[in-house]
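Q: The structure follows.
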Amino acid sequence: MRHTPYQAYSYSYPHKAAYRALPLAAPLAPLWAQQDRSALFAYIHIPFCEMRCGFCNLFAMARPSTDMVERYVQQVLVQMRALAGALGERRFARFALGGGTPTYLSPAQLDTLLCGARDILGIDLQTTPAGIEASPETITAERLAVCRAHGIDRVSLGIQSFAAGEMRALARPQQNATVHHAIGLIRAAGFPTLNLDLIYGIAGQTVASLLASIDSALTFAPEEIYLYPLYVREQTGLGKVARRQGAQSLNPIMLAQDGDSRLALYAAARDHLRAQGYEQVSMRMFRAPHAPEQNGPSYCCQNDGMLGLGAGARSYTSRLHYSSEYAVARTDTINIIDNYLALDEARFAQAEHGYQLDDEEQRRRYVIQSLLTEPGLDRDAYTARFGSRCEADLPQLAELHALELVEENGPLLRLNDRGYSYADTIGPWLASDTVRALMAEGGQAC
């Protein structure tokens, strides 16, 4: 295992950079017929933003044409109709609008998509936990009113930092007055859960300045706080700046500036939030004691399927993960969106680009997705699903014991404090050689 704690964020496994064109298009109806559809997650990807942040390597583009945005919204409805026919009987446990910046859409466009989720897909948004990602600049009372009326109960707001100099270092102009106004509107609209995203590892950031940003966030009593380590990647704005400045060795995963202070920043932030009563759920997520309990059917990403809508959205079944192609550069992103806009219902009813998970990959995914978040890896549940012991299937787990990164609580194997500090190394380290090779081939290190 590499010694630096920061290799890559294992948001899902396998990473989309490992996806390839499938040898044969896979019809979705028989694919989903083999999948438990009693607790699905529906996700709509909105790949549009008012600006491109310097650190962003997501599938998104800034300032699209008005015509492209409207055509995109209408095309998502076409995809919904195709998927509704392919899925058959289903029940949804979670719903989210992500991006990009979903609140870049107009109130009418948001209403169109949320009506489609309700009327075409059959999602009861009033009882299903549902969230939307937002930026302070795009928050308006009208947009929030539409979302709340439909039943959206969580808003995730990208703040990153309350320090002006740190925001400039991220190439993300933002005024604190705009942030305060946006949060005021969110609270006034009555959303039960507010999440604030912060970043650590910014050039010039200190423990004191990070804790000051956290304290500024805490004045709004957010139900959740996410702490993201900064990664500077090749195709991002910050990566391009580093190359122009003559960086001799730009790691595609991260660029350490004046040494890598992220571990010290993380530990200080974690301890500070815990002292304020926040519970650590994963390396990144912290939940307040006043956060509401989630209602509706439970969702477990290790077992349950995800239905992705929109260009760049991933769909998961137990044996196939699929999506459109993935890009960061603006020209490539536009081409992928244009291809999406040209599809008809027949094309939406099949998967053409993805990754087939054999038995080994399914086991690895279960371990990775379980181990990196609370409550941890339930070894009895693993055995019930796969008929074998996880330690026998993945001998690497023994090394986590040897390195004192995990602890046991009955059948649960979970990361301890030190383990969570190394979560961004543990996840990539558990990836298969096949996934590693495909990601490296695609220019994404593991």
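The values are calculated or read from the model by the stated rules, or taken from the named source; none is laboratory data. Only a predicted model underlies this, so the values are computations on that prediction, with no experimental measurement involved. Virtual Cβ from ideal backbone geometry, glycine too; neighbours counted across all protein chains shown. For the accessible areas, the whole protein counts, side chains as well, though only heavy atoms, and no ligand, DNA or RNA atoms are used. Shrake-Rupley method; radii C 1.70, N 1.55, O 1.52, S 1.80 Å.
Q: Considering only protein heavy atoms, what is the solvent-accessible area of Val207 at a probe of 1.4 Å, reported in Å² to the nearest 10?
A: Val207 exposes around 60 Å² with every protein chain in place.
Q: Now a separate question. With a 1.4 Å probe and all protein chains left in place, how much of the accessible area of segment 175-219 comes from carbon and sulfur atoms, in whole percent? Write out the running numbers ahead of the final one.
A: Details: 1010 of 1700 Å².
Exposed carbon and sulfur together represent 60 percent of the surface.
Q: Still on this structure, please answer the following. Which of these, Ser318, Ser209, Ser65, has the largest mean-square fluctuation under a Gaussian network model of the chain (Cα springs below 10 Å)?
A: Judging by the Gaussian network model, the answer is Ser65.
Q: Report the charge-dipole magnitude of segment 23-287 in Debye, nearest 20, computed about the Cα centre from +1 at each Lys and Arg Cβ and -1 at each Asp and Glu Cβ.
A: With Lys and Arg at +1 and Asp and Glu at -1, about 380 debye.
Q: Where the centre of each part is set by its Cα atoms, how far does segment 284-352 sit from segment 154-171, in angstrom?
A: Taking the Cα centre of each part, segment 284-352 and segment 154-171 sit 25 Å apart.
Q: So, in nm, how far is label Glu352 from label Ala108 when the simple model puts each one 7 Å beyond its Cα toward the Cβ?
A: Taking the simple label geometry, Glu352 and Ala108 are separated by 3.1 nm.
Q: So, one more: Rounded if a/c is under 1.5, else prolate if a/b is larger than b/c, else oblate: which is segment 359-445, with a ≥ b ≥ c the root eigenvalues of its Cα gyration tensor?
A: Judged from the Cα gyration tensor, segment 359-445 comes out oblate (a/c at least 1.5, b/c at or above a/b).
Q: Express the accessible area of the chain per residue in Å², computed with a 1.4 Å probe while the remaining protein chains stay in the model. Provide the component values of the computation, followed by the final result.
A: Working: 18170 Å² over 446 residues.
Per-residue accessible area for the chain comes out at 41 Å².
Q: Specify whether the C-alpha gyration tensor of segment 264-400 places it in the rounded, prolate or oblate class, a ≥ b ≥ c being the square roots of the eigenvalues: rounded for a/c under 1.5, otherwise prolate if a/b is larger than b/c and oblate if not.
A: oblate
Q: Now a separate question. Please give the charge dipole size of segment 359-445, origin at the Cα centre, charges +1 on K and R Cβ atoms and -1 on D and E Cβ atoms. Round to the nearest 20 debye.
A: It works out to roughly 140 debye.
Q: A follow-up question, please. Roughly how big is segment 394-446's charge dipole about its Cα centre, with Cβ charges of +1 (Lys, Arg) and -1 (Asp, Glu), in debye to the nearest 20?
A: Numbers: 3 positive and 8 negative charges, 18 e Å.
So the dipole magnitude of segment 394-446 works out to roughly 80 debye.
Q: Oh, and also: For His321, His181, His290, His272, give me the order by solvent-accessible area with a 1.4 Å probe, most accessible first, ignoring ligands, DNA and RNA.
A: His181, His290, His272, His321
Q: Another question, then. In the Gaussian network model of the chain, springs joining C-alpha atoms below 10 Å, which of Ala163, Ala171, Ala392 carries the largest mean-square fluctuation?
A: Ala392
Q: So the label point goes 7 Å from the Cα of Glu391 along Cα→C-beta, right? Which residues of segment 414-440 then have their backbone N under 16 Å from it?
A: Backbone N within reach: 414-415.
Q: Let me ask you something else. For segment 23-287, with the dipole built from +1 on Lys and Arg beta-carbon atoms and -1 on Asp and Glu ones, taken about the Cα centre, which of Ala163, Leu58, Ile152 lies farthest toward the positive end?
A: Checked the options; the winner is Leu58.
Q: Among Gly122, Gly427, Gly131, which one shows the highest mean-square fluctuation when the chain is modelled as a Gaussian network with alpha-carbon springs under 10 Å?
A: Gly122
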